[in-house]
Amino acid sequence: MKINEIYRSIQGESTHMGRPCIFVRTTGCDLRCSWCDTAYAFYEGREMTIDQVMQQVEHLGSSLVEITGGEPLLQEEIYPLTTRLLDSGFEVLVETNGAHPIESMDKRAKIILDLKCPGSGMSESIRWENLTHLKKSDEVKFVLADRRDFHWASSVIFNHSLSAKCTVLFSPVFGKLDPQDLAQWILERPSPVRLQVQLHKYIWHPDKRGV
């Protein structure tokens, strides 16, 4: 499989925010979100075997691992890698862009499903069938660029009863939507969601890689 980077940092998103976490970032993505902050993962990377990935992960020494991208589900090796990590005692998060089937993923893994809002320019890519395969331990993330995205995401949550299926996260596009504005919109509804910011961008420089 082609891997862009493997590193240990503080988890900056999801309900696992703040925990030490090992990130396995794959190379390649079939979407081009307007606000993408990991475009370097579109092409950069090197071929690695599952054994090589496992060796690096085990050396870094944290119990939580997130497989992200790029888009990890583009590579078939991600499925046996996830199972191997779980069998080795790791807690595994798999973040995916919502355009690919999630039902073949090992059920012990926790899916972070990123549903693309209109502001991303990629909302037509959503595979809506994925919502029927969500587990209580999974999470759905909406990255919001503006008020239009907020209303769109709120409608999706209502129409698909998402908050009854799993945790739902609203995340503002860093540098474009003020988290205070998003917080106020959530309080006005009120919305059955959890506000998240990209914690790592507040700890380190927003453009710093490997964090």
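Laboratory data are not the source of any read-out in this text; all were calculated from the coordinates shown. Note that this is a predicted model, so its numbers are computed, not measured. Ideal geometry is used to build each Cβ from the backbone, glycine not excepted, and the neighbour counts take in all protein chains shown.
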Subject >> Packing-based ranking, highest mean first, of 55-61, 36-42 given that Cβ atoms within 10 Å are counted >> reply: 36-42, 55-61
Original post:
So how much slack lies between F174 and T38, counting 0.36 nm per residue of separation and subtracting their Cα-Cα distance, in nm?
Top reply: 47.7 nm
Subject >> Percent antiparallel among DSSP beta bridges (both partners in the chain, rounded to 5) >> reply: 25
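Which of rounded, prolate or oblate describes the range 118-211 when judged by the alpha-carbon gyration tensor and an a/c cut-off of 1.5?
Working: a/c = 1.63, a/b = 1.39, b/c = 1.18.
It is prolate, given that a/c is not under 1.5 and a/b is the larger ratio.
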Original post:
Using mean Cβ contacts within 10 Å as the protection proxy, how do 78-87, 179-188 order, highest first?
Top reply: 78-87, 179-188
**OP:** List the residues whose amide H sits under 5 Å from the amide H of I67, counting only those 5 or more places along or on another chain, with H placed 1.01 Å from N in the peptide plane.
**Re:** V24, L93, V94, E95
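Rounded, prolate or oblate: pick one for the chain, where a ≥ b ≥ c are the square roots of the eigenvalues of its C-alpha gyration tensor, a/c under 1.5 means rounded, and failing that, prolate if a/b is larger than b/c, else oblate. Please list the in-between numbers first.
Working: a/c = 1.66, a/b = 1.45, b/c = 1.14.
Prolate.
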**OP:** For the range 157-211 and the range 43-74, write down the distance between their C-alpha centroids in whole Å.
**Re:** 26
Original post:
Straight-line reach from K201: which aspartates and glutamates have a Cα under 20 Å away, not including same-chain ones fewer than 8 places off?
Top reply: E5, E13, D37, E66, E95, D114, D146, D178, D181
